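The values are calculated or read from the model by the stated rules, or taken from the named source; none is laboratory data. Quick caveat: nothing in here was measured; it's all calculated off a predicted structure. Note: ideal-geometry Cβ built from the backbone for every residue, glycine included; neighbour counts use all protein chains shown.
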Amino acid sequence: MKPAKFDYVAPTTVDGAVEALRAANGEGKVLAGGQSLLPLLNFRMARPAVLVDLNGIKELSFIELRGDRVAIGALTRHREIEQSPLIASKLPVMAAAMRHVAHLAIRNRGTIGGSLSHADPAAELPMLSLFYGAELSVHGPSGRRAIAAEDFFVDALTNCLEPEEIVVEIEFPILQHNGCAFEEAARRFGDFALASIAVSVRRSEARIDDARVAVMGVADTPLRLREVERELGAIEVNDQTPDRFAELVTASVSANGDLHASAEYRQHLLGQLARRAMQTALSEVIR
């Protein structure tokens with residue numbers, strides 16, 4: 001199929017993009033990498049009156065260290081994040097997860113801002129933004145405002161952006177942890193996840209002093225498991241810790257079912273991934 005007719009504008013500034021969206025009166029769509037939007041256009045599931053192409057706004061593509069945070073511009077491609085030494089050093093869970101994002105051709109074009117805005121509950125970057133406690137900077141007619149990742153995702157494929165706002169950058173806090181892991185299961189490598197989990201821990205001799213846990217693919221939005229994080233602090237680290245962690249994770253999540261997998265299967269799968277992730281996180285602890 002072919003898209004319905006639309007007007008096309010290609011601003012070279014953020015303010016120009018916002019003005020184009022304002023002029024569209026709620027009938028505009030933003031084009032970044034296009035890996036999610038173009039199929040929707042082709043199937044006419046999206047019928048914007050105006051397509052606002054952000055690719056001429058060069059200032060929105062960057063990865064930089066800002067003290068105890070890593071900032072990523074909204075137009076930064078998945079492949080740039082995957083290959084970045086800074087990401088590998090400061091955000092190791094993100095580095096591990098990027099290899100699971102779709103296929104190489106898509107990673108070459110897809111952008112972090114586009115992925116977050118699309119808000120697919122089975123996509124890696126929305127979950128990672130929640131996992132790290134990221135802050136999204138968005139620009140609209142009134143200027144910039146910051147949105148915490150936990151407030152950004154409203155429902156499946158739904159975010160809290162106003163029609164005239166665009167994501168311009170995302171800041172990810174650097175976790176002071178010494179062990180981490182990312183696990184994902186899909187029908188085929190590169191498909192959307194049936195279930196996935198990210199884990200990061202700061203471990204002393206026999207205790208987990210701090211932890212970060214998030215899951216995706218099992219609910220209408222990615223989930224950060226704060227209660228599991230708290231309970232890990234009361235667990236003594238031993239050979240049974242991965243099994244106990246899997247129990248905590250599955251008890252805290254009520255998985256969705258769909259045509260790809262039943263709720264029961266997803267629940268079981270998440271437990272297996274949780275066990276494997278904790279084994280890896282504890283075995284790769286940096287002393």
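Six or more apart or on different chains, Cβ atoms under 6 Å: show the pairs whose first residue is in segment 9-33 and touching a residue at least 40 places away in the same chain (Cβ under 8 Å) and whose second is among the basic types (Lys, Arg). Between residues of segment 9-33 that are touching a residue at least 40 places away in the same chain (Cβ under 8 Å) and residues that are among the basic types (Lys, Arg), the close pairs are Gly33/Arg109. Determine, yes or no, whether Val30 is closer than 20 Å to Arg109 by Cα, outside the structural domain of Gly113 (by TED's automatic domain parsing), among the hydrophobic types (A, V, I, L, M, F, W, C) and crowded, with 17+ Cβ neighbours inside 10 Å. Yes; evaluated as a whole, the condition is true for this residue. Mind listing whichever residues of segment 183-212 are crowded, with 20+ Cβ neighbours inside 10 Å and free of Cβ contacts under 8 Å to residues at least 40 places away in the same chain? Passing the criteria: Ile208, Ala211.
Kindly indicate the residue of segment 12-42 that is part of a helix (DSSP H, G or I) and of a type in the set (D, E, K, R) and also farthest from Arg77 (Cα to Cα) among those meeting that condition. So that I can check it myself, show each step before the final result.
From segment 12-42, those part of a helix (DSSP H, G or I) are 14-23, 37-42; that's our starting set.
Filter again for of a type in the set (D, E, K, R), leaving 15, 19, 22.
Values: Asp15: 22, Glu19: 24, Arg22: 26 Å.
Among those residues, the one meeting the criterion is Arg22.
Residues in segment 255-287 that are free of Cβ contacts under 8 Å to residues at least 24 places away in the same chain and assigned to a loop (DSSP other than H, G, I, E, B) were compared, and the one that is surrounded by the fewest Cβ atoms within 10 Å (Cβ to Cβ) is Leu259.
Listed by position, the strands (runs of 3 or more DSSP E) contained in segment 61-144 that have at least 2 residues being of a type outside the set (A, V, I, L, M, F, W, C) and touching a helix residue (DSSP H, G or I) at 6+ places or on another chain (Cβ under 8 Å) are 135-140. Test Ser283 against the criterion of being over 16 Å from Phe131 (Cα atoms) and hydroxyl-bearing (Ser, Thr, Tyr), and give yes or no. Taking the combined requirement at face value, the residue satisfies it.
Results for (1) among the small types (Gly, Ala, Ser); (2) touching a residue at least 24 places away in the same chain (Cβ under 8 Å); (3) farther than 16 Å from Pro222 by Cα, shown as yes or no for each residue.
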site: Ala96; (1), (2), (3): yes, yes, yes
site: Ala102; (1), (2), (3): yes, yes, yes
site: Ala105; (1), (2), (3): yes, no, yes
site: Asn108; (1), (2), (3): no, yes, yes
site: Asp120; (1), (2), (3): no, yes, no
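Over 18 Å from Ser129 (Cβ atoms) and not β-branched (Val, Ile, Thr): does that describe Leu60? Against the criterion (over 18 Å from Ser129 (Cβ atoms) and not β-branched (Val, Ile, Thr)), Leu60 does not qualify.
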